[in-house]
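To keep things clear, I will list the structure first and then write my remarks on it.
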Amino acid sequence: MNGGGPGPTGGTRAGFEELAGRAGKWLGLSAAAPERHTTAVVADRFDRIAWRDTYGQSARLRGLAEELNDRHDHTTDLLHDAFLAAYKAAPRLREPAEMDPSRLVNHQVVTALVESPEFAGLRRETAGDPYAAAAAVLVQAAALRRMLERSRGAQEQAERAKRAQRDAAGAAGA
């Protein structure tokens, strides 16, 4: 078809896109890949505002993020999760399947943190208090460093999975 001839769709680009959309649905493909989350702790906008404000005011949190980012990927998201885990009275973690593959290590680290008895005791003192939650993150810095070091291989595997997912989405789009 050369753009305007007769045919079931009139030969228009819009008609072709409509057919491609139908074929994608029939084949089980969506027009866009489902969006994956980059943070493990479910948060509302007020939680995110508390994090942004606290992070902006805390040079020590920003310094920790900078230090960890030198050796590991996506650690600002990890600190965000650790903060919310301490800040929220009953933090709820996303399912791993909902996570961006590049952030699965963060999910594992936060899960281990939340499930530790020490952190549960700490959270009784930090829930609802952004400054206490920030202090809890800083107190947990050594544990976060250890968990990130132990998970270095898993992080590399997650990055490969993210690239493969991106390549597959590109191929499906083509």
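The values are calculated or read from the model by the stated rules, or taken from the named source; none is laboratory data. Here the structure is a predicted model, which is why all the values come from computation and not from measurement. Note that each Cβ is placed from the backbone with ideal geometry, even for glycine, and that neighbours are counted across all protein chains shown. Protein only, heavy atoms only, side chains kept; ligands, DNA and RNA dropped before computing areas. Shrake-Rupley method; radii C 1.70, N 1.55, O 1.52, S 1.80 Å.
Distance between the 7 Å Cα→Cβ label points at ARG166 and GLU118: 3.6 nm.
Take every pair of alpha-carbon atoms less than 8 Å apart whose residues are at least six positions apart; their mean separation over the length of the range 93-173 yields a relative contact order of 44 percent. What does the net charge come to around GLY128 if you take all other residues with beta carbon closer than 13 Å to its beta carbon, with K and R at +1 and D and E at -1? Spelling it out: positives minus negatives among the neighbours equals 0. The trypsin sites (Lys or Arg not before Pro) of the range 94-137 include none that meets both criteria, a DSSP state outside H, G, I, E and B (loop) and at most 14 other C-beta atoms within 10 angstrom of the site's C-beta. Multiplying the residue separation of ILE49 and GLU149 by 0.36 nm and subtracting their alpha-carbon distance yields 33.0 nm.
Each listed q (0.14, 0.23 Å⁻¹) maps to a log10 I(q)/I(0) for the range 88-161, found by the Debye formula over equal Cα scatterers with no solvent: -0.50, -1.09. With a probe of 1.4 Å, find how much accessible area the range 83-174 has per residue, and write the answer as a whole number in Å². Per-residue accessible area for the range 83-174 comes out at 54 Å².
Only the Cβ atoms of Lys and Arg (+1) and of Asp and Glu (-1) were treated as charged; on that basis the dipole of the range 31-174 about its Cα centre amounts to roughly 60 debye. Over all other residues within a Cβ to Cβ distance under 13 Å of HIS107, the charged ones net out to -2, with Lys and Arg as +1 and Asp and Glu as -1. To put it simply, the accessible area of the range 44-127 at a 1.4 Å probe is 48 percent carbon and sulfur.
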